[in-house]
Amino acid sequence: MSTHSSDQAMTMAGLNLIQQALSIYDSDLRLVVSNERFRSMFALPDWIVSPGADFSATIRYLAERGEYGAVDDIDAFVKERVDLAGAFEPHYIERQMGNGRWISVEGSPLPNGGWVAVYTDITGTKRQEELLRTRSETLSDQLLNRAEELATTNRELEATVTALEEAKRQLTAMEARTRLTTEMMPAHIAHVNPDQVYTFSNRRVSSVMPGSLADPVGHHAAEVLGPQPYSVIGPHLERGFAGKASVFEFNHDPSSRRIRVALTPDSSTGGVYILSMDITEETQTRAALQQTRRRELAAQMVSGLAHDFSNLLTIVLGSQSRLQNLELPPKATALIQATLTAARRGGDLLNRIADMTGHRDVHPAPTRLTPFLAEFNTLADTALPQGVTLTTDTHATPPGLTLMLDAGMLQDSLLISFSTRAMPAKATARSPCLCRWLRIHG
């Protein structure tokens, strides 16, 4: 036998041992389970006590058998009972069965729909009450009636207490689940009353905003948050008490964090619900994405300018090549050669711009230092601010000194450094390998 079947058998055995009859119907008023006492108390056939049996069919069977006394319109009687059952409201009644015995019927709704009914044989109690009425000649009828009313009321109160205890259990379980959910969320969730006193808070306020009061319930918002955060949140709270929801961000100075706060008015109490989250990483990521986008736009702009400049250089080189083939004075030939040299340098500069705006791998190669410095000096003249000059000192350079470096990348790095940094007067270039040869004067 499986574990599930074994558990069902044990459950049914336990239900059959109790003295009360029990039946459970689902939200569609179909029988889910009943015990043996339910069958024997009402002398029911098998098809009525089988799971899935319809509640209306059970009522009709009992009414036709005379269980409820003389019923003029059985259809109307069955419909009335089904409508009452479908309301799923707690109830307690006492009635006399067709065989003369008295029973109490106590019904309670279930959390997911349906209800459970417990039937108790109270014939002995009723007989004692009747015996008391018959034999107590000295008691007045009013006192006897009062005693009977108290007994009935006590039984009804007992049923009500049972229903209230079940409702309390469900509310306690719901509150525990809600509390666990709020504690698991990486945010500060709280409620403040119109006096700005915390009435509820999870244990996240000090983790979201370090330096805040760890247990804020019962304390004023200014005491919980601290001066700087309260100076920002306080005005928004006042608007929240006036019924205006708001969402805003601010810098939490005590922790240098970025905080997002959402305030929702509570119309039932006049207070405000608070939701606070640490969005420092989100803000940093957003700023990084914006910076990356700016760089992409700058790269696209530079690429477009470089393309146009390349077209101009092509025209210049073509024109100078044609002039070079003409018979011109020596002085003109020198000018043409200088123009060609400058244009080729422009082409080299375009290649370097392309490398700077795109991905570039380092390719070190043996580089003679003296020619490198001379070429860099020419490039740097256009990058330095007005009034600032670059001096290349190669007197102490050993003849033929060769270094392993990526000449183009090093030149680009130095140019970017010179054009973006505010260099102080007589400052040395920030390059460990070139500081002894390059000096900037302003």
message: Residue pairs, Cβ under 6 Å, 6 or more apart or interchain, first in the range 196-221 and without any contact (Cβ under 8 Å) to a residue 24 or more places away in the chain and within 18 Å of Pro186 (Cβ to Cβ), second part of a loop (DSSP other than H, G, I, E, B) and not acidic (Asp, Glu). List them.
response: Ser201/Pro216; Ser201/Val217; Ser206/Ser212; Ser206/Ala214
- prompt: Which of the following residues is surrounded by 13 or more Cβ atoms within 10 Å (Cβ to Cβ) and either of a type in the set (S, T, N, Q) or under 30 Å from Arg204 (Cα atoms) (or both): Thr314, Thr341, Thr285, Thr333?
  reply: Thr333
field: the range 242-264 residues that are in the same structural domain as Tyr230 (by TED's automatic domain parsing), paired with ones that are among the acidic types (Asp, Glu) and surrounded by 15 or more Cβ atoms within 10 Å (Cβ to Cβ) (beta carbon under 7 Å, 6 or more apart)
entry: Arg257/Asp278; Ile259/Asp278
query: Can you name the residue in the range 2-49 that is surrounded by fewer than 17 Cβ atoms within 10 Å (Cβ to Cβ), assigned to a loop (DSSP other than H, G, I, E, B) and of a type outside the set (Asp, Glu) and, of all such residues, is modelled with the lowest pLDDT?
result: Ser2
- line: Across (1) surrounded by fewer than 16 Cβ atoms within 10 Å (Cβ to Cβ); (2) under 20 Å from Glu94 (Cα atoms), Asp72 clears everything bar (2)
field: Any chance Glu166 is loosely packed, with under 11 Cβ neighbours inside 10 Å and at pLDDT below 80
entry: no
- prompt: Inside the range 183-204, can you point out the residues that are among the aromatic types (Phe, Trp, Tyr) and out of contact with any helix residue (DSSP H, G or I) (no Cβ under 8 Å at 6 or more places or on another chain)?
  reply: Phe200
task: Within the range 329-341, identify whether any single residue is among the charged types (D, E, K, R), without any contact (Cβ under 8 Å) to a residue 12 or more places away in the chain and more than 28 Å from Ala374 (Cα to Cα), and answer yes or no.
output: no
field: Count of the range 169-213 residues which are in a loop (DSSP other than H, G, I, E, B), modelled with pLDDT of 85 or more and closer than 18 Å to Pro254 by Cβ
entry: 5
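The values are calculated or read from the model by the stated rules, or taken from the named source; none is laboratory data. These numbers were taken from a predicted model, which means no experiment stands behind them. Because the Cβ atoms are built from the backbone with ideal geometry, glycine has one as well, and the counts that use them run over all protein chains shown.
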